[in-house]
Amino acid sequence: MAELVHLTIDGRPVEAAPGTLVIDAAKKLGIEIPAFCYYEGLSLQAACRMCLVEVERAPKLLTACTLPVAEGMVVRTATPAVAQARKSMLELLLTNHPLDCPVCDKGGECELQDMAFRYGVGESRFAETKVHVPEKQFSPVVFFDAPRCILCYRCVRICNEGLGVNALGVVNRGAVSEIAPNRGDHLECDECGACIDICPVGALTSGIYRYHARPWEMEHVGTICTFCSNGCKTTLGVRGNRILRGNNRDRSGVNGEFLCIKGRYAFDFLHHPERLQSPLVRSGGELRPVSWVQALGAVAERFLEARARGGRIGVVGSNRTTNEENYFLQKFARQGLGTGSIDHRRTGDVPALLSALAGRGDALATVADLYTTKAALVVASDLAQQHPLFAFQLRANWRHHHARVYTVTRGPVREDQYSVQALRVPPGGELEAVESLAPALRKEPELVILFGGGIRGAAVQRLVAFGDSLGIPVKYVCLVDYSNSRGAFDMGLAPELLPGYQPAPNPGLTLAEMLAAPDLDVLWVVGANPLREASLAAEKAFVVVQDLFLTETAARADVVLPAASAYEKAGTVTNTCGEVQRLRPALKVMGVKSDLEIFGLLARAMRLELGGARPEPVFEEIRANVPGYGVPAAVLATGGAAQTCPAAAPEIPPRPDLVRPASDTLFTSGTLGRYSKVLSSVLEFPGELYKGAGE
Amino acid sequence: MTFSPDLEARFARLLESYPPGRRRSALIPMLMYAQDEVGAVTGEVVEEVARRCGVTPLQVDEVVSYYSMLHRQPQGKYHVQVCTNISCLLRGGDKLYEQASRKLGIGHKETTADGRFSLEEVECIGACSWAPAIQVNYDFHHDMTPEKLDKLLASLEKIQ
């Protein structure tokens with residue numbers, strides 16, 4: 001490591017690595033140098049002039065945000081000249097800035113307000129009329145109010161550099177400069193809203209949140225996004241039992257500040273008018289609302305009856321329910337109902353990867369690894385569409401550390417903008433293409449391989465064998481589709497798997513077999529919609545569905561139990577990298593119960609001894625009993641992510657035939673996506689995956 | 001979109017004169033040459049230049065809207081640009097602008113009915129040392145006075 005540079009800031013000595021900027025060196029001393037345009041992780045702009053400091057032997061004030069430290073440098077931040085410069089800058093910024101703080105969304109969390117409070121003067125010398133421009137709507141989620149803009153370029157840079165979307169620019173010059181969208185009067189982009197959150201003032205505001213609340217009126221609940229499998233933390237702003245916004249400004253969680261449209265806005269499914277809020281029981285051919293007692297009684301009776309006469313019972317678990325729910329459900333099925341027929345819709349071949357790795361827990365990559373690895377290989381997945389956080393991480397890694405990224409995909413992907421090699425192959429040709437990269441990959445110091453659901457079974461084994469043959473440290477990510485797809489496997493929602501990838505002694509039917517079995521007596525579906533794409537052969541089967549909405553499957557049910565969403569309950573979920581994180585309930589929806597609570601009530605009605613059905617004791621049971629899940633409780637309790645390292649038993653039979661990736665885009669996401677008005681309101685909906693050909 | 005063979009040759013030379021990966025450096029000259037030939041930086045020109053320089057159309061638009069020498073609409077035969085930035089303003093630039101406006105009977109970014117003149121009040125054109133300055137097409141006119149402006153406009157009027 002290069003020698004440290006010594007300098008003095010406000011009379012206090014500090015040392016910093018060469019290349020450190022004065023603004024960051026000051027931070028080490030606890031000295032705040034105010035700035036608007038400077039933003040960690042983005043390119044330097046020096047547009048706002050707020051960070052001017054005095055440097056000894058420099059004739060003028062210098063911008064601390066672009067000034068690298070130098071040996072013997074003497075910096076002063078608390079001189080009359082600096083204080084005056086800050087006052088002048090704020091006075092200039094406020095010449096055209098409307099003083100509509102009382103109705104501005106940003107009021108209370110506005111950086112310009114804070115700066116004016118701390119460094120500004122109370123009055124202005126400008127008596128001229130302020131330039132006013134009417135606000136513009138760039139998209140259903142992005143509004144722009146030009147007079148409030150202070151031209152810090154943060155939004156432009158996060159979009160161009162952070163996302164690689166290039167949807168925002170600054171047009172015109174001088175006092176009439178303003179932010180412009182890429183399609184004349186509107187945006188065509190990821191609609192992620194990063195530009196809104198990064199805006200230091202209220203120039204860019206959210207179509208979902210604007211004029212709904214003052215920030216201090218909301219309760220802020222940090223929980224895990226319930227859509228894709230990346231496991232982003234979203235901090236939900238809740239007021240009056242409604243979620244008003246989602247963001248992650250405190251950078252907690254594996255995602256830092258990153259969120260896509262789903263994490264930031266798509267929570268609206270929760271308040272959809274078609275949300276089920278009462279149990280339904282079929283009578284006279286129609287589903288009619290009944291009390292919970294009646295509905296649970298009806299289910300318990302039929303379950304007990306079916307079990308007593310040795311009937312065929314099938315249980316379908318969910319890609320979105322918590323680990324606790326999944327664990328309890330398989331226990332309910334196997335011990336309570338005596339059936340081995342339990343499955344879920346599989347979206348990636350996690351067991352194949354874990355089998356191939358044979359217990360090498362250190363070969364599983366984390367989300368953080370994607371930002372630090374020297375090289376990455378993306379196989380059969382369009383990350384920007386399906387795993388937006390991972391696309392963001394790899395791009396940030398390339399921008400900051402020159403990571404070398406290789407892609408092997410069916411169609412063009414966003415990584416093409418910077419990847420060192422991009423191979424296009426028809427489905428099935430991926431492995432050959434990957435193997436052709438061997439000479440280049442062997443020269444890399446390390447590698448993370450991410451592969452989509454198109455790579456399964458023997459292909460996964462071949463991929464791992466290829467990784468082993470490179471002679472460099474290789475880590476893997478098996479990409480799955482939904483928020484707890486990984487946890488569904490981990491908790492044994494598969495006939496051949498017990499929790500922790502142990503072989504099940506009496507494997508029952510798979511999901512497809514359950515649907516096809518003409519003599520199935522009971523089908524219990526929790527948070528899944530298998531009848532959207534398939535039909536149920538057993539016409540007389542008693543069907544119980546737990547879900548948020550009257551899906552195709554729920555419409556066929558005999559009893560429908562309204563379930564709580566992830567934003568309404570506690571528990572843990574595991575992202576596609578195997579990192580466990582905790583959910584926190586943000587609100588309550590009247591009439592619904594969490595799936596775990598429903599299981600508990602059913603168990604009691606059936607007089608089953610399955611243990612307490614509350615998240616904490618069930619998670620303790622998981623930690624104690626499920627191999628690989630002995631994660632430190634303190635990490636989870638403090639909102640962290642703890643990676644699990646399950647090892648699949650070698651005798652687990654490979655079932656690549658059961659893996660069916662969902663081919664969702666950035667703007668779709670299974671059942672929940674269908675009920676989010678925000679997702680379908682944007683112009684880009686439903687998005688495209690290689691022009692209709694899903695990966 | 002295609003340009004004349006001469007312009008195509010010029011573009012080819014232009015793109016070669018920057019280091020590899022720096023194609024975008026050709027942006028401003030390319031826009032100016034294209035404007036000279038096409039008459040304005042039309043939407044089509046923006047798209048084409050963006051493609052050739054490897055930037056987005058929005059990034060081209062940022063540049064076009066910034067510089068007063070680039071125009072999205074065709075201008076008059078004589079495009080009169082009067083600087084009213086600080087140096088010129090202190091030396092009477094604003095008066096010159098008003099005079100030109102009165103004489104030509106048009107305002108900021110307007111064109112006379114016969115298409116002969118267009119007028120624009122511009123930001124600094126880099127001629128502060130000889131303020132106040134006026135630019136007509138590519139020609140600079142320094143140390144302007146009301147009399148010199150009258151003469152200039154009259155002489156332009158006469159040219160056939």
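Applying the selection to the range A:547-570, what residues are within 20 Å of A:Asp490 (Cα to Cα) and in a helix (DSSP H, G or I)?
A:Ala566
Condition (residue is over 29 Å from the mean Cα position of the chain (by Cα) and among the hydrophobic types (A, V, I, L, M, F, W, C)) applied to the range A:479-487: is it met by at least one residue?
Let us first name the residues in the range A:479-487 that are over 29 Å from the mean Cα position of the chain (by Cα), namely none.
Checked against the condition, which is being over 29 Å from the mean Cα position of the chain (by Cα) and among the hydrophobic types (A, V, I, L, M, F, W, C), the range A:479-487 yields no hits at all.
Is it the case that some residue within the range A:208-222 is surrounded by fewer than 21 Cβ atoms within 10 Å (Cβ to Cβ), of a type outside the set (Phe, Trp, Tyr), within 14 Å of chain B (Cβ to nearest Cβ) and not in a loop (DSSP other than H, G, I, E, B)?
No - not one qualifying residue is present in the range A:208-222.
Tell me whether the range A:135-146 contains one or more residues that are assigned to a loop (DSSP other than H, G, I, E, B), β-branched (Val, Ile, Thr) and more than 14 Å from every other protein chain (Cβ to nearest Cβ).
Looking for residues that are assigned to a loop (DSSP other than H, G, I, E, B), β-branched (Val, Ile, Thr) and more than 14 Å from every other protein chain (Cβ to nearest Cβ), one finds at least one in the range A:135-146, hence yes.
Regarding A:Ala613, is this residue without any contact (Cβ under 8 Å) to a residue 60 or more places away in the chain, aliphatic (A, V, I, L, M) and either more than 23 Å from A:Ser283 (Cβ to Cβ) or surrounded by fewer than 22 Cβ atoms within 10 Å (Cβ to Cβ) (or both)? Please lay out each step first, then the result.
Details: without any contact (Cβ under 8 Å) to a residue 60 or more places away in the chain: no; aliphatic (A, V, I, L, M): yes; either more than 23 Å from A:Ser283 (Cβ to Cβ) or surrounded by fewer than 22 Cβ atoms within 10 Å (Cβ to Cβ) (or both): yes.
No; evaluated as a whole, the condition is false for this residue.
Within the range A:571-610, which residues are hydrophobic (A, V, I, L, M, F, W, C), in contact with a helix residue (DSSP H, G or I) (Cβ under 9 Å, 6 or more places away or on another chain) and outside any helix (DSSP H, G or I)?
Filtering the range A:571-610 for residues hydrophobic (A, V, I, L, M, F, W, C) gives A:573, A:577, A:580, A:583, A:586-587, A:589-590, A:592, A:596, A:598-599, A:601-603, A:605-606, A:608, A:610.
If we keep only those that are in contact with a helix residue (DSSP H, G or I) (Cβ under 9 Å, 6 or more places away or on another chain) too, we end up with A:573, A:577, A:580, A:583, A:586-587, A:589, A:592, A:596, A:598-599, A:601-603, A:605-606, A:608, A:610.
Of everything in the range A:571-610, those that are hydrophobic (A, V, I, L, M, F, W, C), in contact with a helix residue (DSSP H, G or I) (Cβ under 9 Å, 6 or more places away or on another chain) and outside any helix (DSSP H, G or I) turn out to be A:Val573, A:Cys577, A:Val580, A:Leu583, A:Ala586, A:Leu587, A:Val589, A:Val592, A:Met606, A:Leu608, A:Leu610.
Taking the range B:92-141 on its own, how many of its residues are within 14 Å of chain A (Cβ to nearest Cβ), out of contact with any Lys or Arg (no Cβ under 7 Å at 6 or more places or on another chain) and charged (D, E, K, R)?
Here the count works out to 2.
Do we have A:Cys152 as closer than 22 Å to A:Asp416 by Cα, assigned to a loop (DSSP other than H, G, I, E, B) and either among the aromatic types (Phe, Trp, Tyr) or away from chain B (no Cβ under 14 Å) (or both) here?
No.
Filter the range B:72-90 for residues that are surrounded by fewer than 18 Cβ atoms within 10 Å (Cβ to Cβ) and within 14 Å of chain A (Cβ to nearest Cβ) and give the result. Steps first, please.
Within the range B:72-90, the subset surrounded by fewer than 18 Cβ atoms within 10 Å (Cβ to Cβ) is B:72-74, B:77, B:86-87, B:89-90.
Result: B:Arg72, B:Ile86, B:Leu89.
All but one of (1) touching a Gly at 6+ places or on another chain (Cβ under 9 Å); (2) within 14 Å of chain A (Cβ to nearest Cβ); (3) under 24 Å from B:Ala113 (Cβ atoms) hold for B:Asp61, so report the exception by its number.
All conditions are met except number (3).
Name the residues in the range A:345-377 that are assigned to a helix (DSSP H, G or I) and β-branched (Val, Ile, Thr), would you? Give the steps one after another, and end with the answer.
Quick first cut of the range A:345-377, residues assigned to a helix (DSSP H, G or I) only: A:350-357, A:361-363, A:367-372.
Across the range A:345-377, the qualifying residues are A:Val350, A:Val367, A:Thr372.
Quick one: which residue in A:Ala633, A:Ala613, A:Ala648, A:Ala642 is touching a Ser or Thr at 6+ places or on another chain (Cβ under 8 Å) and aliphatic (A, V, I, L, M)? I'd like the intermediate steps shown before the answer.
Working: A:Ala633 fails: touching a Ser or Thr at 6+ places or on another chain (Cβ under 8 Å); A:Ala613 fails: touching a Ser or Thr at 6+ places or on another chain (Cβ under 8 Å); A:Ala642 fails: touching a Ser or Thr at 6+ places or on another chain (Cβ under 8 Å).
Only one candidate qualifies: A:Ala648.
Could you please find all residues in the range A:440-461 being over 28 Å from the mean Cα position of the chain (by Cα) and more than 23 Å from A:Asp369 (Cα to Cα)?
A:Ala458
Every residue in the range B:45-54 that is touching a Lys or Arg at 6+ places or on another chain (Cβ under 8 Å), crowded, with 18+ Cβ neighbours inside 10 Å and within 14 Å of another protein chain (Cβ to nearest Cβ), please.
Step one: of the range B:45-54, the residues touching a Lys or Arg at 6+ places or on another chain (Cβ under 8 Å) are B:52-54.
Narrowing further to those that are crowded, with 18+ Cβ neighbours inside 10 Å: B:52-53.
Selection gives B:Cys53 alone.
Is at least one residue of the range A:261-274 of a type in the set (Phe, Trp, Tyr), crowded, with 16+ Cβ neighbours inside 10 Å and part of a loop (DSSP other than H, G, I, E, B)?
The answer is no; no qualifying residue exists.
Taking the range A:106-121 on its own, how many of its residues are assigned to a loop (DSSP other than H, G, I, E, B) and within 32 Å of the chain's Cα centre (by Cα)?
Residues of the range A:106-121 assigned to a loop (DSSP other than H, G, I, E, B): A:106-110, A:120-121.
Cutting the leftovers down to within 32 Å of the chain's Cα centre (by Cα) gives us A:106-110.
Here the count works out to 5.
Every residue in the range A:173-188 that is at the interface with chain B (Cβ under 10 Å from one of its Cβ atoms) and either crowded, with 16+ Cβ neighbours inside 10 Å or part of a loop (DSSP other than H, G, I, E, B) (or both), please.
Of everything in the range A:173-188, those that are at the interface with chain B (Cβ under 10 Å from one of its Cβ atoms) and either crowded, with 16+ Cβ neighbours inside 10 Å or part of a loop (DSSP other than H, G, I, E, B) (or both) turn out to be A:Arg173, A:Ser177, A:Glu178, A:Ala180, A:Pro181, A:Asn182, A:Gly184.
Quick check on the range A:653-673. Is at least one of its residues aliphatic (A, V, I, L, M), assigned to a helix (DSSP H, G or I) and crowded, with 20+ Cβ neighbours inside 10 Å?
First, pick out the residues of the range A:653-673 that are aliphatic (A, V, I, L, M): A:658-659, A:662, A:666, A:672.
Subsequent filtering for residues that are assigned to a helix (DSSP H, G or I) retains A:658, A:672.
Going one step further and asking which of them are crowded, with 20+ Cβ neighbours inside 10 Å, we end up with A:658, A:672.
Within the range A:653-673, one or more residues are aliphatic (A, V, I, L, M), assigned to a helix (DSSP H, G or I) and crowded, with 20+ Cβ neighbours inside 10 Å.
Considering the range A:409-463 alone, what residues qualify as being among the aliphatic types (A, V, I, L, M), surrounded by fewer than 17 Cβ atoms within 10 Å (Cβ to Cβ) and in a loop (DSSP other than H, G, I, E, B)? Give the steps one after another, and end with the answer.
Residues of the range A:409-463 that are among the aliphatic types (A, V, I, L, M), as a first pass: A:413, A:420, A:422-423, A:425, A:431, A:433-434, A:437-438, A:440-441, A:447-450, A:455, A:458-460, A:463.
Right, trim to surrounded by fewer than 17 Cβ atoms within 10 Å (Cβ to Cβ) and you get A:420, A:438, A:440, A:458.
Passing the criteria: only A:Val420.
Each value in this text was obtained by applying a stated rule to the coordinates, not by laboratory testing. This is a predicted model, so every value here is computed, not measured. Reconstructed Cβ throughout: ideal geometry from the backbone, glycine too, with neighbour counts over all protein chains shown.
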